[in-house]
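The structure under discussion appears below in the form of structure tokens.
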Amino acid sequence: MITELDERTPEPLRAVLQPLPPLTSAGTRLLEAAAQLFYERGVRAVGVDLIAETAGTTKKTLYNRFGSKDALVALYLRRRAQRWREHLQTFLDRSAPREQQVLAVFEALETWLGTERRGCAFVNAYAELGADEHPAVPVIRAEKAWMRALFDDLTGDPAVGGHVHLVYEGTLVVLNAGGDDAALDQARRAVGVALAAGT
């Protein structure tokens, strides 16, 4: 699993693996407030006034720490991706066989989401931002490329990795937009079929 940024890191993954900047106490509060608000309400619906008020700071502090709301959105997604990788790693560490490691990703996803059905933060943000020049777009694309690279690595076969990645992304959509709580169980069965076909 690629978790560090160095000269060997593939270009499509680099935006999501950039180290997070050091933050002051106020900066941390602002980022935490923004993360909750952006995920729950959407990027476009949340203004800097609300973020600053929720964090107990001022708009001036927000701009001093992050430069712009757009930069804060990109940092929110980088931080979320980092936390997901850390969460996922604990599940991969206790799964040894190839099939168990692949299925561990779906177990990690289930615990990550809990009862939350707002879906994938990256898909949600992209739906709002589109393919414009927003600084969050490279982060969103890099996170999707990172998940694809992970499945390629875990399966040992890019063709199978591609199938499993599509199952993973589809599961997020069906859980959220489809409101189907059985999606994770169905995904595990589909992954089992893909892995069996690839052997």
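Work out how much length R41 to Q18 would gain on full extension: take 0.36 nm times their residue separation and subtract the Cα-Cα distance, in nm to one decimal. All intermediate terms of the calculation are to be shown ahead of the outcome.
Values: separation 23, 0.36 × 23 = 8.28 nm, distance 2.58 nm.
Length gained between R41 and Q18: 5.7 nm.
Tell me the relative contact order for region 1-144 as a rounded percent, counting alpha carbon contacts under 8 Å between residues six or more apart.
30 percent
Could you report the accessible area of I51 in Å², rounded to 10, computed with a 1.4 Å probe on the protein chains as they sit in the structure?
0 Å²
Taking the simple approach of a point 7 Å from Cα along Cα-to-Cβ for both T111 and D185, what is their distance in nm?
For the pair T111/D185, the computed spacing is 2.1 nm.
Compute the distance from the alpha-carbon center of region 29-70 to that of region 109-124, in whole Å.
After rounding, the separation between the Cα centres reads 21 Å.
Give me the net charge of V167's neighbourhood, meaning all other residues with Cβ under 15 Å from the Cβ of V167; Lys, Arg count +1, Asp, Glu -1. Could the numbers behind the result be given before it?
On the way: positive: K144, R148, R188, R189; negative: E99, E107, E110, D152, D157, E169, D180, D185.
Net charge around V167: -4.
Let me cross-check E32: its accessible surface, 1.4 Å probe, with only protein heavy atoms counted, in Å² to the nearest 10?
Here the residue's solvent-accessible area equals roughly 90 Å².
Going from most exposed to least, what order do Y39, Y126 have by accessible area with a 1.4 Å probe? Provide the component values of the computation, followed by the final result.
Details: Y39 20, Y126 80 Å².
In descending accessible area the options line up as Y126, Y39.
Just to confirm the number: angle between the C-alpha axis of helix 158-176 and the first principal axis of the chain, 0 to 90 degrees, nearest 10?
60 degrees
State to the nearest 20 debye the size of the charge dipole of the chain about its Cα centre, where the only charges are +1 on K and R beta carbons and -1 on D and E beta carbons.
That gives a dipole near 520 debye.
Please give every one of the aspartates and glutamates within straight-line cross-link reach of K60, meaning a C-alpha to C-alpha distance under 18 Å, and leave out same-chain neighbours fewer than 8 residues apart.
E32, D49, D70
Count the net charge of all other residues whose Cβ sits under 11 Å from the Cβ of F106, scoring Lys and Arg as +1 and Asp and Glu as -1.
Its environment carries a net charge of -1.
The values are calculated or read from the model by the stated rules, or taken from the named source; none is laboratory data. Worth saying up front: this structure is predicted, and the values here are computed from it rather than measured. Don't worry about glycine lacking a Cβ; one is built from the backbone with ideal geometry, like all the others, and counts go over all protein chains shown. Remember, those area values only see protein heavy atoms, side chains included, never the ligands or the DNA or RNA. Shrake-Rupley method; radii C 1.70, N 1.55, O 1.52, S 1.80 Å.
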